[in-house]
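Please read the structure below before turning to the comments.
The values are calculated or read from the model by the stated rules, or taken from the named source; none is laboratory data. Please read these numbers as outputs of a predicted model, since none were measured by experiment. Heads up, the Cβs are rebuilt from the backbone with ideal geometry, glycines too, and the neighbour counts pull from every protein chain shown. The protein model used for the area step is the full one, side chains on, heavy atoms only, and it has no ligands, DNA or RNA in it. Shrake-Rupley method; radii C 1.70, N 1.55, O 1.52, S 1.80 Å.
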Amino acid sequence: MTIMLKKFKYTFMACAASAMLLQACSSKDVIELEPQFSLDAVNNPSSISQVEQVLLGAYSNFRNGNYYGSNSGTGSGWALMPDVLSDNLYETIESLANSRTMVEWNYNPGTGQVASMYQAPYLVISSANIVLRDVDKFSQNVQQVNRIKGQAYAIRALAHFDLFRYFANSYDRNSTTDLAVPYTKEFVVSTAAKPARLNNKEFYDALFADLTQAVTLLADVDKPVNDAGALSRPYIDLTAAYAIQARAYLYASQWPEAIAAATAAINRRPLVNLNQAAFTGMYNQTNSGEIIWNVQFEANQSGPTYLTYFPAQQRAYFRPALEVATISGTSGLLRSEDIRYNAFFSNVGGELALTKYRGKGSNTDGAANFIAFRTGEMYLIRAEARAKSGQGALALEDLNTLRAARIPSYVPVAGLSGDALLTAIADERRRELIGEGHRFFDLKRTTRVITRGSTCGNTNLSPVGVCTLPSTAREWTLPIPEGVINANESQVQNPGY
């Protein structure tokens with residue numbers, strides 16, 4: 001992966017930033033920025049191994065400081081930012097206010113963090129499109145091509161879907177009036193490349209077409225995508241493709257499809273059952289647990305934690321809302337008897353901190369992997385889809401199964417149905433998935449209301465005084481960056497900006 005990045009880092013990053021943020025890039029930019037070493041893997045690969053190097057580049061771009069990685073008090077756009085934007089975490093008086101604009105929903109088309117978050121997934125998409133452009137040139141081993149090509153389709157779909165979650169105003173599957181984002185299927189270096197935003201129906205059609213391709217191809221490969229006995233799962237395999245499908249079908253309200261995809265993932269990757277070491281081990285790379293796909297971080301690669309917590313300095317910019325968990329472990333949604341409590345939190349400076357990404361093993365360098373998909377989420381997707389399609393008993397069974405795997409001596413709940421069941425599933429998502437990139441989107445796709453808890457407005461605990469985001473607020477959707485609007489007349493700004 002490192003070798004590949006050295007080959008084309010400067011040209012590719014500069015052009016991708018322009019081509020995908022501004023939707024254009026001139027050939028002059030490429031010539032001036034081209035380094036002295038070979039760009040064969042991007043421009044004219046001579047072997048399947050060079051194509052695979054570009055695929056590794058797509059994975060490395062998931063580590064971007066504004067995607068699943070983080071910078072000093074910023075970034076972590078699809079890792080911790082959705083918790084910061086919502087009601088799961090509160091900003092502490094230790095914070096240096098590096099992300100205050102985001103926390104207080106005060107962003108606009110000129111906000112730099114929004115522009116960086118818009119750009120980051122397109123860097124991934126660019127690499128995936130290069131792979132798909134070239135991989136069929138080397139088809140001696142069809143199953144090898146399937147393995148590489150299937151990952152590229154899944155990667156392209158996931159990055160587009162992540163953009164859609166922030167920058168689309170509605171998740172309505174069949175809307176032909178609500179605007180999604182462009183679905184970029186080619187790597188084009190040209191000032192004439194000015195794609196328009198698709199409507200939701202067009203976007204979902206393209207997304208699910210890519211995911212169908214990914215599932216089909218990854219079901220017939222030359223060798224396992226991930227090592228079976230490894231402690232991490234850094235590449236997208238068939239199980240991960242099913243998991244991406246399940247999440248996307250949930251947003252699209254396609255309940256039978258969400259159930260089927262989640263079930264396929266569950267059958268291939270069982271839950272961790274009341275095993276503290278195995279559950280905690282997923283976050284410090286001592287056990288693969290129920291990981292379906294994780295973004296791999298190594299030393300000095302700025303893992304996901306630095307938006308909220310600095311392990312070496314024991315400094316917490318954001319802490320769990322008291323409604324989620326407390327230092328005593330006796331109140332809030334997550335209690336100390338739950339195996340998730342000790343995996344996710346610890347005492348830092350006399351208060352609870354979200355420390356699940358402190359490092360690997362006993363290290364505290366912040367180079368923890370980010371688990372983008374795991375089996376617990378699949379149970380909750382299936383439970384919600386079942387509850388919303390008239391299968392309340394099966395939905396409750398999924399909910400009870402998950403809780404029994406997390407809480408010793410758990411007594412199954414009986415009789416939940418209707419709105420009460422959906423509320424229980426939503427609360428369980430909050431417990432299970434805190435700090436894993438879901439809460440803001442869960443509220444956006446359901447109730448669309450944020451009411452921050454007791455810490456908000458309490459100046460002794462937090463400097464943040466903006467405590468409520470109503471359902472009609474424009475800030476549920478991030479603005480298209482002004483650089484994109486200025487460079488591409490085909491782009492349309494989101495409502496209210």
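Quick look at the values:
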quantity: Residue satisfying condition, being open to solvent by 10 Å² or more (accessible area, probe 1.4 Å), assigned to a loop (DSSP other than H, G, I, E, B), at pLDDT 95 or above and farther than 19 Å from PHE164 by Cα, within set ASN66, ASN106; calculated: ASN106
quantity: Residue match in the range 331-340 (condition: among the polar types (S, T, N, Q) and open to solvent by 10 Å² or more (accessible area, probe 1.4 Å)); calculated: yes
quantity: Within the range 326-344, tally of residues that are of a type in the set (Gly, Ala, Ser) and touching a residue at least 60 places away in the same chain (Cβ under 8 Å); calculated: 1
quantity: Selected residue (criterion: surrounded by the fewest Cβ atoms within 10 Å (Cβ to Cβ)) from residues of the range 248-292 that are hydroxyl-bearing (Ser, Thr, Tyr) and closer than 16 Å to ARG233 by Cα; calculated: THR286
quantity: Among (1) assigned to a loop (DSSP other than H, G, I, E, B); (2) crowded, with 19+ Cβ neighbours inside 10 Å; (3) not β-branched (Val, Ile, Thr) - the single one PRO224 does not satisfy; calculated: (2)
quantity: Test: residue in the range 284-291 that is part of a helix (DSSP H, G or I) and at negative phi; calculated: yes
quantity: Count of the range 405-457 residues which are in a helix (DSSP H, G or I) and in contact (Cβ under 8 Å) with a residue 12 or more places away in the chain; calculated: 19
quantity: Filter pass, ILE244 being in a helix (DSSP H, G or I), surrounded by 24 or more Cβ atoms within 10 Å (Cβ to Cβ) and more than 20 Å from the chain's Cα centre (by Cα); calculated: no
quantity: The range 299-323, residues that are outside any loop (DSSP other than H, G, I, E, B) and without any contact (Cβ under 8 Å) to a residue 12 or more places away in the chain; calculated: none
quantity: Count of the range 457-495 residues which are within 21 Å of ARG445 (Cα to Cα), surrounded by 13 or more Cβ atoms within 10 Å (Cβ to Cβ) and of a type outside the set (Asp, Glu); calculated: 11
quantity: Pair list, Cβ under 7 Å, 6 or more apart: the range 213-241 residue farther than 13 Å from ALA152 by Cβ, other residue modelled with pLDDT of 95 or more and hydroxyl-bearing (Ser, Thr, Tyr); calculated: VAL215/TYR242; ASN226/TYR235; ALA230/SER288; LEU231/THR286; LEU231/SER288; SER232/SER288; ARG233/SER288; PRO234/TYR59
